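The values are calculated or read from the model by the stated rules, or taken from the named source; none is laboratory data. Quick caveat: nothing in here was measured; it's all calculated off a predicted structure. Cβ coordinates were reconstructed from backbone atoms using ideal geometry, including for glycine residues, and neighbour counts include every protein chain displayed.
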Amino acid sequence: MEPKFTDKTKIILVGLDFYGNPYQEAGGWSTQNAIGQLWKRFNSFYMSKKDSIKHLASESGYEVWIDFEGEEADSKNDYIFVGMEVDKLDDLPLELVARILPETRYAIFTLKGDEIRSNWPPKILSQWLPEAGLEQSYTYIFEHYDSQRFKGTNDPTSELDIYVPII
């Protein structure tokens, strides 16, 4: 699992968020867990009120996982945001929240087919980062669902990019 590297300016996202145990109702890659339900809510909003999201940058989706510093390591709660990128914030619909990811360098891991459903986070965060002599520049990672390459978690031709902010 070898990454590509890129520098990005800030990324402005609009969408919905969740804090809690996302796997309480269903584990793994499931539309029944809190993450699947969050995507379902966002997609429903997007399909019915697409025109209310101004300055949409693309049709790609983002899933951001944020670790809060000081939170207990064994906490089963996660902060998750799902949404889309916009070029600027303007007239944000009341139902949505915005997240601005700071300018930084990223290691980008492309997962394909079965790798998408694998337990990839420890391979990247606990193994690859230290072996590469790198650290996270911010306490988040995000999944980028390219509308052309991601075809669903069960499609063997699907591709998903994982962005890890690094220093």
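All conditions in (1) modelled with pLDDT of 90 or more; (2) over 24 Å from residue 118 (Cα atoms) hold for residue 62, with the sole exception of (2). Per the listing 115, 85, 63, 159, the residue uniquely in contact with a Lys or Arg (Cβ under 9 Å, 6 or more places away or on another chain) and surrounded by 13 or more Cβ atoms within 10 Å (Cβ to Cβ) is 159.
Among the conditions (1) modelled with pLDDT under 95; (2) more than 19 Å from residue 64 (Cβ to Cβ); (3) not β-branched (Val, Ile, Thr), residue 131 misses just one, which is (1).
Going residue by residue through region 104-111, is there one that turns out to be loosely packed, with under 14 Cβ neighbours inside 10 Å and either among the charged types (D, E, K, R) or in contact with a Ser or Thr (Cβ under 8 Å, 6 or more places away or on another chain) (or both)?
So in region 104-111, the residues loosely packed, with under 14 Cβ neighbours inside 10 Å come out as none.
No.
Candidates in region 31-45 are the residues that are over 26 Å from residue 138 (Cβ atoms) and crowded, with 16+ Cβ neighbours inside 10 Å; of these, the one that is modelled with the lowest pLDDT is 37.
Only a single item in (1) modelled with pLDDT under 95; (2) crowded, with 18+ Cβ neighbours inside 10 Å is not met by residue 145, and it is number (1).
Quick check, is residue 97 surrounded by 15 or more Cβ atoms within 10 Å (Cβ to Cβ) and under 13 Å from residue 16 (Cα atoms)? Judged against the criteria, residue 97 is not a match.
Somewhere in region 138-156, is a residue assigned to a loop (DSSP other than H, G, I, E, B) and among the acidic types (Asp, Glu)? Please lay out each step first, then the result.
Residues of region 138-156 that are assigned to a loop (DSSP other than H, G, I, E, B), as a first pass: 138-139, 146-156.
Narrowing the set further to residues that are among the acidic types (Asp, Glu) leaves 146, 155.
Yes, region 138-156 contains a residue that is assigned to a loop (DSSP other than H, G, I, E, B) and among the acidic types (Asp, Glu).
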